[in-house]
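Student: Quick one: the structure is below, and I'll ask about it shortly.
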Amino acid sequence: MTKNTYLIILLNVFILTSAILIALAFYKDWFESYLSVNNPVSPELLIVEGWVSDSTISLAAKEYQDKKYSGIFTSGSPIDSAYLLSENGFLDFNFSSQTVLLQKNDTLSFVLKGSPVQGIYPEYLVFINDQKVAGGFTSDSWKTYQHILESSFFAERISISFINDEHYLGEDRNMEVKCLDLQNSRYLARSKDVLHYRSSDYQRKHPILTNFASVADICAHKLHLEGIPDQVIEEVASPVSDKNRTLASAIVISNYLEDQNLPYASINIMSEGIHARRTWMCYKFALRNQADTVGIICVPPARSYNSAIKPYSKKEIVRELSSILYYKFFFNKRRYRKELNQQYPSV
């Protein structure tokens with residue numbers, strides 16, 4: 001056996017062994033366990049990533065109350081004019097202060113788009129004063145959906161409902177609403193006169209305002225609805241960023257804590273699912289002077305409860321692992337921090 005033949009055999013054995021170990025890691029959920037790290041510290045301040053689900057926000061409120069934190073911070077980037085319906089629910093356009101007279105054959109239009117699951121797009125229903133008048137399906141690009149009224153109404157409230165929310169193998173069906181067009185007037189989805197209600201509380205007991213400037217603001221509002229006093233919640237919005245949003249949020253919160261001279265000894269960050277490892281890494285970098293007292297609380301994704309379907313696809317796990325490797329070994333975090341602070345001096 002020649003030396004080259006021996007090396008080829010060793011290489012093949014290495015490749016085969018690696019493939020078996022990787023397949024076993026996926027089968028045993030080792031990668032998911034690694035990414036979904038949970039390592040809280042003795043609490044003083046709690047940071048909640050603004051993008052997490054409503055169920056995680058409820059757990060964050062309970063964590064805050066049970067562990068008696070001295071303060072709670074929400075992070076997240078600015079948001080555009082459209083409103084995302086990520087769970088089944090209703091978006092109410094309120095005209096009670098000035099009832100709108102709608103005539104038969106008037107056109108009622110919504111500007112919508114959505115993301116599919118297994119090729120099925122978001123389905124919506126349209127209501128006037130709780131009476132169903134129309135319905136349909138969205139597509140993956142912004143389109144105007146027009147509906148001609150079959151009768152007249154004195155409209156105090158026009159609602160659009162998202163009714164087929166679903167998660168499956170990494171796909172997430174969501175619907176976005178940009179505006180309502182009615183009688184030559186446009187009503188934006190983010191407005192003081194527009195409220196969001198989840199399906200379970202459409203009796204209007206727990207409205208969610210839509211005119212927020214950032215994901216951090218939305219999260220803070222939801223925490224308030226869970227019973228957390230406004231005076232202990234700090235919304236710390238990060239700059240607009242298509243990439244590195246988690247790191248940007250961590251740097252902004254680190255700067256905010258330094259600017260406010262807040263007395264803190266330990267911080268827990270509440271994240272969700274396989275994003276937790278990267279969140280922890282970013283905050284330990286941003287809060288590097290106290291990295292040993294930065295903990296992470298990982299909440300399983302809401303869609304994994306009472307389900308035999310694994311919450312994450314292999315593609316999502318590989319993407320998250322690739323991000324970890326990139327952040328750890330190739331991305332210049334110090335230069336990014338310097339550039340971020342130069343571009344946004346206030347952060």
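Student: Scan the stretch 108-132 for residues that are under 21 Å from GLU176 (Cβ atoms), β-branched (Val, Ile, Thr) and more than 21 Å from the chain's Cα centre (by Cα) and jot them down.
Tutor: Across the stretch 108-132, the qualifying residues are VAL111, ILE120, VAL126.
Student: When you scan the stretch 139-154, do you find a residue that is outside any strand (DSSP E or B) and within 21 Å of ARG198 (Cβ to Cβ), even just one?
Tutor: Initial filter on the stretch 139-154 (outside any strand (DSSP E or B)): 139-142, 149-152.
Keeping just the survivors that are within 21 Å of ARG198 (Cβ to Cβ) gives none.
Scanning the stretch 139-154 turns up no residue that is outside any strand (DSSP E or B) and within 21 Å of ARG198 (Cβ to Cβ).
Student: Now for a different question. Quick one: is ARG186 closer than 21 Å to ALA61 by Cα and in the same structural domain as GLU123 (by TED's automatic domain parsing)?
Tutor: Numbers: closer than 21 Å to ALA61 by Cα: no; in the same structural domain as GLU123 (by TED's automatic domain parsing): yes.
No; evaluated as a whole, the condition is false for this residue.
Student: What pairs come up if the first residue lies in the stretch 311-322 and is under 17 Å from VAL299 (Cα atoms), the second is buried (at least 17 other Cβ atoms within 10 Å of the Cβ) and at pLDDT 90 or above, and their beta carbons are under 6 Å apart, counting only those six or more places apart or on different chains?
Tutor: Qualifying pairs under 6 Å: TYR312/ILE274; GLU320/LEU35; GLU320/ILE274.
Student: Here is a follow-up. Give all pairs with beta carbons closer than 9 Å in which a residue from the stretch 325-345 that is closer than 19 Å to THR279 by Cβ meets a residue that is basic (Lys, Arg); count only pairs at least 6 apart in sequence or on separate chains.
Tutor: TYR327/ARG278; TYR327/LYS333
Student: Among the residues in the stretch 57-75, are any buried (at least 16 other Cβ atoms within 10 Å of the Cβ), more than 22 Å from ALA276 (Cα to Cα), out of contact with any Pro (no Cβ under 7 Å at 6 or more places or on another chain) and of a type in the set (Gly, Ala, Ser)?
Tutor: Within the stretch 57-75, none of the residues are buried (at least 16 other Cβ atoms within 10 Å of the Cβ), more than 22 Å from ALA276 (Cα to Cα), out of contact with any Pro (no Cβ under 7 Å at 6 or more places or on another chain) and of a type in the set (Gly, Ala, Ser).
Student: Please identify the pairs in which a residue from the stretch 234-254 that is acidic (Asp, Glu) has its Cβ atom under 6 Å from the Cβ atom of a residue that is assigned to a strand (DSSP E or B) and crowded, with 19+ Cβ neighbours inside 10 Å, counting only partners at least 6 apart or on another chain.
Tutor: From the stretch 234-254, the pairs are GLU234/PHE73; GLU235/THR74.
Student: Now, a different point. What number of residues within the stretch 111-137 are surrounded by 14 or more Cβ atoms within 10 Å (Cβ to Cβ) and part of a strand (DSSP E or B)? Can you show your working first?
Tutor: First, the residues of the stretch 111-137 that are surrounded by 14 or more Cβ atoms within 10 Å (Cβ to Cβ): 111-117, 120-129, 133-137.
Filter once more, so that each one left must be part of a strand (DSSP E or B): 111-114, 117, 120, 123-128, 133-137.
Residues meeting the conditions: 17.
Student: I'd like the full set of residues that are in contact with a Gly (Cβ under 9 Å, 6 or more places away or on another chain), modelled with pLDDT under 90 and not polar (S, T, N, Q), limited to the stretch 237-280. Spell out the reasoning first.
Tutor: Filtering the stretch 237-280 down to residues in contact with a Gly (Cβ under 9 Å, 6 or more places away or on another chain) leaves 237-238, 245, 249, 262, 264, 266-269, 280.
Next cut, modelled with pLDDT under 90 only: 237-238, 245, 262, 264, 266.
Within the stretch 237-280, ALA237, ARG245, LEU262, TYR264 meet the criteria.
Student: Next up: From the set of residues in the stretch 138-184 that are among the small types (Gly, Ala, Ser) and at pLDDT 90 or above, which is surrounded by the most Cβ atoms within 10 Å (Cβ to Cβ)?
Tutor: Checking each candidate, the answer is SER159.
Student: Okay, next question. Go through the residues of the stretch 92-103 one by one and say whether even a single one is at pLDDT below 90 and surrounded by 14 or more Cβ atoms within 10 Å (Cβ to Cβ).
Tutor: Of the residues in the stretch 92-103, the ones at pLDDT below 90 are 96-100.
Subset that is surrounded by 14 or more Cβ atoms within 10 Å (Cβ to Cβ): 100.
Checked the stretch 92-103: at least one residue is at pLDDT below 90 and surrounded by 14 or more Cβ atoms within 10 Å (Cβ to Cβ).
The values are calculated or read from the model by the stated rules, or taken from the named source; none is laboratory data. Note that the structure is a prediction, hence the values are computed from the model and not measured. Cβ coordinates were reconstructed from backbone atoms using ideal geometry, including for glycine residues, and neighbour counts include every protein chain displayed.
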